[in-house]
Amino acid sequence: MFLTKNYKSAFYQIVYFVDGKRTTHSTRKTNKSEAVQYLEEFKKSFEIPSGAIDSISQITIDKNNLTLSKFKEEYLEYCRPVKSKKYIDSIAFSFKQLISFCDNLLLTEVDIRTVDKFINSTFTRTQRGAHLYYRSLKAALTKAVEWNYILVNPFTKVKFPKLSKTFPVFISEDELLIILANTSHQHLKDIFTVAFYTGLRLSELINMQWNWIDFLQNQITVKCTNEFLTKSKKERIVPMSEKVRAILFRRFNSALHSPGEVVFYNVKGKMLYHDLVSKQFKKVVRKSNLSEKIHFHTLRHSFASLLVQKGVSLYVVKELLGHEDLATTQIYSHLQKQNLMDAVNLL
């Protein structure tokens, strides 16, 4: 038995194994010393059932038998309740690429040399793909360390090659109008427009419920629920422009709605599928003869780019987008043309 803590709960958890399966029990304690004391009492009162083994024996067995594929399945099962389907798919694909490269090694056999060769080999084919695999697998093996399956995460010892820097693609308001003119369904026109003028992620838009919207305060509160978590795991407030307010108010008045009902739907009360909306947007972009580089996420970039070009501070843009770090928002800094001109004019 041992204590652990993760972002899913504020309380320390007791971890033990029954019939080879990982089991947890909440201490209901946020203070570590109190949690340790609770663990000692739990050990005394806990009658180990038949088939249960202590953590040391389990770790030895896992180190001898746990392959990459077996760990992948356990890790995916752990992630499914709190991660999006898109993120789960990216984890599964990252493991597939690693296993294809080095075979189904034991988890303890994945060393720094193997990781280094895998990343460098992949980087020569696809820089962005290599970066995705690196981030996904690094997070997975960090969890393996927390679970005492391995002592060191080899991905933390490998320095990722420097990515070439490219500016984010964005569209103008005129290009948005072209896209909307070529969009047949009203619910898609609405979601495209709201995405452009709020910067909300597609996952946030399709999970948006009427209880997120305050027409009196003219704001949207992006909420975390049992079914949905924001990327940062934090709630944020996004003010509504008149364009956004008009669209949402029209949808609200079109029929009776319950507070927990989703705002955007094709069939009333049914959530839209992430991939379906994304593919429909791409289809319209091609029909509009616009750049192949434009994707649904471009609408979020466009919102930020438009604000920066109008002189809005990067700090404000950071809060509106829900970025954890200002460094993420600084990809839009090149659009502060007036600041650049003022600097050059000092010469």
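What follows draws every value from the coordinates through simple rules; no lab data is involved. It should be emphasised that the depicted structure is a prediction, and the values quoted were computed from it without experimental measurement. Here the Cβ is made from the backbone with ideal geometry for all residues, glycine too, and neighbour counts use every protein chain on show.
So if I take the centroid of the Cα atoms in the stretch 196-255 and the same for the stretch 128-154, what is the distance between those two points in Å?
Cα centres, the stretch 196-255 to the stretch 128-154: 34 Å.
A 29 angstrom limit on the alpha carbon distance is what I want to check against. Which of Lys43/Lys234; Lys85/Lys318; Lys86/Lys282 exceed it? Before the final figure, lay out the partial values.
On the way: Lys43/Lys234 35 Å; Lys85/Lys318 25 Å; Lys86/Lys282 17 Å.
Correct reply: Lys43/Lys234.
Which cross-chain or sequence-distant (5 or more) residues have an amide H under 5 Å from the amide H of Thr67, H modelled 1.01 Å from N in plane?
Those qualifying (amide H under 5 Å, at least 5 residues apart or on another chain) are Leu107.
Which of Arg125, Arg236, Arg250 comes first, and how do the rest follow, when ranked by fewest Cβ neighbours within 10 Å?
Numbers: Arg125 8, Arg236 17, Arg250 11.
Ranking Arg125, Arg236, Arg250 by Cβ neighbours within 10 Å, fewest first, gives Arg125, Arg250, Arg236.
Would you grab the residues whose amide H sits under 5 Å from the one on Arg236? Only those 5+ places off in sequence or on another chain, please, with H modelled 1.01 Å from N.
Amide H neighbours of Arg236: Val222.
Just checking my list (1) 205; (2) 148; (3) 180 against volume of the Cα convex hull per residue in Å³ computed from this structure; which label fits?
(1)
Ranked highest first by the average count of other Cβ atoms within 10 Å around their residues, in what order do 297-306, 210-219 fall?
Numbers: 297-306: 21.6, 210-219: 13.7.
Averaged packing, sorted descending, gives the order 297-306, 210-219.
Out of residues 5 or more away from Thr23 or on other chains, whose amide H comes under 5 Å of its own, with H placed 1.01 Å from N in the peptide plane?
For Thr23, whose amide H was placed from the backbone, the distant partners under 5 Å are Tyr16, Phe17, Val18.
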